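The values are calculated or read from the model by the stated rules, or taken from the named source; none is laboratory data. Treat the numbers as computed from the prediction; the structure is a model and nothing was measured. Don't worry about glycine lacking a Cβ; one is built from the backbone with ideal geometry, like all the others, and counts go over all protein chains shown.
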Amino acid sequence: MNTLPDITYRAMESSPSIDMLIYEQIEKLERHCPSLISCRVVVSAPSTHHTKGAQFKVTVDLSVPGSAVIADRESTPSHAHDDCHMAVRDAFRAALKEVDRLHSRKTDQKRHPRA
């Protein structure tokens with residue numbers, strides 16, 4: 001892994017298992033986007049007064065040459081778990097889609113230069 005993430009936990013203790021999952025997800029991203037410059041991940045615990053059930057929020061902020069990608073996801077009540085692994089996977093899945101979309105836009109611009 002070339003990109004060292006900046007991982008922040010809000011309203012919760014850091015977790016080695018979540019850290020490992022984040023590192024694995026970054027390795028997947030690097031396979032799709034080897035030019036990844038930086039990655040910042042914020043994992044937020046649910047508030048205690050939440051009425052929808054435990055919803056963890058994960059935000060992934062990526063820097064790639066010429067652009068930035070921000071993806072965030074909350075675990076839904078139907079998928080809520082005691083941990084936030086599902087929200088981490090969903091946030092990185094969304095970030096990967098955005099990186100792929102950005103890459104396809106750039107290749108389309110190269111194929112179809114403006115007159």
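Tabulated values for the structure
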| read-out | value |
| --- | --- |
| Pair list, Cβ under 6 Å, 6 or more apart: the stretch 15-41 residue more than 14 Å from P5 (Cβ to Cβ), other residue surrounded by fewer than 14 Cβ atoms within 10 Å (Cβ to Cβ) and not acidic (D, E) | S35/P65 |
| Hits in the stretch 29-64 - residues which are at pLDDT below 90 and among the hydrophobic types (A, V, I, L, M, F, W, C) | C33, A45, A54, F56, V64 |
| Residue pairs meeting the criteria (Cβ under 9 Å; at least 6 apart or on separate chains; first closer than 14 Å to K97 by Cβ, in the stretch 58-73; second among the polar types (S, T, N, Q) and surrounded by 14 or more Cβ atoms within 10 Å (Cβ to Cβ)) | V60/Q25; L62/T3; V69/S63; I70/T59; A71/T59; D72/T59; R73/T59 |
| Subset of the stretch 1-28 [in a helix (DSSP H, G or I), among the polar types (S, T, N, Q) and either surrounded by 12 or more Cβ atoms within 10 Å (Cβ to Cβ) or at pLDDT below 90 (or both)] | Q25 |
